[in-house]
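A.B. asks: Quick one: the structure is below, questions incoming.
Where a number appears in this text, it was derived from the coordinates with a stated rule and is not lab data. Model, not experiment: these values are computed from the prediction. Heads up, the Cβs are rebuilt from the backbone with ideal geometry, glycines too, and the neighbour counts pull from every protein chain shown.
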Amino acid sequence: MQQPWEPRVEQSPSTSPAIHVLGEPAGWEEVYREHVGPVYRYCYARTGNRADAEDISEQAFLRALPRLRLRASAPEIRSYLMATARSVLAEHWTLHYGCDVGLLDEEVASPEVEERRPGEDAGVSRAARVLAALPEHYRRVLELRFLRGYSVRETAGAMGITVTNAKVLQHRALRRAAQEELP
Amino acid sequence: MRRRRKDVEGYVEAILQDRRPPRFGAEDEEARQLLVASALRAGRPGADAPRPEFVEKLQRRLRREMDGQEGAAAGAPLVTRRRLLGGAAVAAAAAALGAGVDRVVDRSIEGSGGSSTTAELVPAAGDWVDVAAVADVPVGRPLRFSAGALEGFVVNHGDRIAAVSAICTHLPCTLNLNQSAQRLDCPCHPAWFGLDGKPMSASYAPAALRPLPALRTRVVDGRVQVFTA
């Protein structure tokens, strides 16, 4: 397959020993391109927003890539990158929300995400699983808000309840979902 | 309890609008709710796909970290710390440039020699940072440099040396040197700039595309230095 990046050109041969750290100059870029999507999705599913997911993915790659043995197998590389992302995520949650790292470790280590194959939409399937475990009105309010992007007011309208009740319902539904998903 | 509920709601509202959520001290139960909310947010089809701009930008950042070289596709030599640390024939470099540059330096050129001054290149706030040997920047060959947070091009205009930011003023993509056209091209959008930083794009009204910020530049001992604020 044609690579979207052109091969690097060495501009100053006198500096080549320092610049070409590895014998395969493009190796890490291939690793990056193969894994950036899964690492990002992994981070996104644990932050829920682009800005944090981008920051954490970036930190994970900056931390992991220089230490990576590029000749390791793809699963080993994936596992190392995910473990690094997990540790950056744990730091994020501890720093910004004062969370117990143990809780996070348990959460981010959930195996179904790490074993996901390319093309599989684990984000969607996990959300579906969370919703499926809930009573109908809880499922419905979370579906409208999170999967369909309805505002509280639109959700209230769709469910035939008041805005206040929609807020309360969302709160209870989320609490219940947390109990089911992260006991 | 009510405050905590508000905090969780604030988090949920932020992520539903794809904003960075507010930070607050959360108990375990709330933390679980935040995590489940995040997982649900990722369930909206396509929501958790990385932006192509982000993927490209991070790759460039990693390239700098991994081998100190960026913009190779554009043919722009990138000054790296390693390269600068290698030492240079400073006096020769100063001679090669000629007297023209001397008139525009901020500080008078000190005595020849003293190449050891290139050892400290990590930019601190409000400091001059050594980015290149003058000899490495002939007229018509702008030089891409990266010094800590500072990304730029050093340009020899013949009668003076100047530097401009290498970050597009539209979207913050790193510009590539287009050697043949003698301009700086944005890889993300049809935007390009002259070597003096002025926008040249046909697709954007000049008012919409701001010029590239000029970086304060001086020459000391045949070395180009850029000021980081």
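A.B. asks: For residue B:198, go through the lysines and keep the ones whose alpha-carbon is under 18 Å away, minus same-chain ones fewer than eight residues off.
C.D. replies: none
A.B. asks: Tell me which residues come under 5 Å, amide H to amide H, from residue B:161 once H is placed; ignore anything under 5 positions away on its chain.
C.D. replies: Those lying under 5 Å, H to H, from residue B:161: there are none.
A.B. asks: Compute the signed sum of charges (Lys and Arg +1, Asp and Glu -1) over the other residues within less than 9 Å, Cβ to Cβ, of residue B:54. Present the calculation step by step, with values, prior to reporting the outcome.
C.D. replies: On the way: positive: A:50, B:51, B:57; negative: A:54, A:58, B:53, B:56.
Charge balance near residue B:54 sits at -1.
A.B. asks: Apply the Karplus curve 6.51 cos²θ - 1.76 cosθ + 1.60, θ = phi - 60°, to the phi angles in region B:16-21 and return the couplings in whole Hz, x for Gly and Pro.
C.D. replies: Whole-Hz 3J(HN,Hα) from phi for region B:16-21: 5, 9, 6, 9, 5, x.
A.B. asks: Using the Cβ atoms and a cut-off under 9 Å, what net charge is assigned to the surroundings of residue B:211, where Lys and Arg are +1 and Asp and Glu are -1? Don't jump to the answer; show the numbers that get you there.
C.D. replies: Numbers: positive: B:198, B:210; negative: B:196.
So the surrounding residues net to +1.
A.B. asks: Compute the FRET efficiency between residue A:72 and residue A:158 as 1/(1 + (r/R0)^6), taking r as their Cβ-Cβ distance and R0 = 56 Å, and round to the nearest 0.05. Show your work: numbers first, answer last.
C.D. replies: Numbers: r = 50 Å, r/R0 = 0.89.
Efficiency for this residue pair is about 0.65.
A.B. asks: Checking the cross-link filter: which lysines have an alpha carbon closer than 25 Å to that of residue B:6, excluding same-chain neighbours under 8 positions apart?
C.D. replies: Straight-line reach from residue B:6, under 25 Å: A:167.
A.B. asks: Please list the non-local residues whose amide H lies under 5 Å from the amide H of residue B:151, H modeled 1.01 Å from N, same-chain partners needing a gap of 5 or more.
C.D. replies: Result for residue B:151 returns B:166.
A.B. asks: Using a 7 Å offset from the Cα along the Cα-to-Cβ direction at both residue A:179 and residue B:196, what is the distance between the two label points in nm, to one decimal?
C.D. replies: Label at residue A:179, label at residue B:196, 7.0 nm between them.
A.B. asks: Mind listing the long-range amide H neighbours of residue B:127? Cut-off is under 5 Å, sequence gap 5 or more, other chains count too, H placed in the peptide plane at 1.01 Å from N.
C.D. replies: HN-HN under 5 Å from residue B:127: B:228.
A.B. asks: Based only on other Cβ atoms within 10 Å, what is the fewest-to-most ordering of A:137, A:35?
C.D. replies: Exposure proxy ranking, most exposed first: A:137, A:35.
A.B. asks: Let me check I've understood the local charge: for residue A:154, count other residues with C-beta under 11 angstrom from its C-beta, Lys and Arg +1, Asp and Glu -1. What total comes out? Let's see the in-between values first.
C.D. replies: Working: positive: A:145, A:148, A:153; negative: none.
Its environment carries a net charge of +3.
A.B. asks: Could you tell me the calculated FRET efficiency between residue A:83 and residue B:139, based on Cβ-Cβ distance and R0 = 60 angstrom, to the nearest 0.05? The partial results should precede the final answer.
C.D. replies: Numbers: r = 50 Å, r/R0 = 0.84.
The value I calculate is 0.75.
A.B. asks: Cut-off is 10 Å between beta-carbons; in what order do A:126, B:3, B:60 appear when sorted fewest neighbours first?
C.D. replies: B:3, B:60, A:126
A.B. asks: Which residues in region B:24-63 have a backbone N closer than 17 Å to a point placed 7 Å from the Cα of residue B:6 along the Cα-to-Cβ line?
C.D. replies: Only B:24-27 pass the distance filter.
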